[in-house]
Amino acid sequence: QVQLVESGGGLVQPGGSLRLSCAASGSIASNIAMGWYRQAPGKERELVATITGEGNINYADSVKGRFTISRDNAKNTVYLQMNSLKPEDTAVYYCNAQIITYSSWTMRGYWGQGTQVTVSS
């Protein structure tokens, strides 16, 4: 099995910064891609940013120029540096990983438990 453990959420004032981390552990044969999604109250979960093992990156238009995704392949860890935060960034942020395990040898998606990010003065 695979576990994703997130950290780094919290309360920050508008214009501030936060850094989220997500570490994947378990029977990982190949970590294809990792990313971050978010879900605000009353809204559907949406993509924030993704990054493949080769470093190909995709951002939602709403976070381009403010958020930076990166990963440490050796540690199976993905980071999300969030700068110039706005109140509309308030949401629960979820880590996602597309992983092939030694037990199944098929790719499937895994989710973290979520971490709250609140941007408010």
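Every number here is computed from the coordinates shown, using simple stated rules; none is lab data. These numbers were taken from a predicted model, which means no experiment stands behind them. A quick note on method: Cβ atoms are made from the backbone with ideal geometry, for glycine too, and the neighbour counts reach across all protein chains shown.
The spacing between region 99-121 and region 2-76, judged by their C-alpha centroids, is 9 Å.
Restricted to Cα atoms, the chain shows a radius of gyration and a Dmax of 14.1, 47 angstrom. Remark: spin-label model distance T118-S7 equals 2.2 nm, labels positioned 7 Å along the Cα→Cβ axis.
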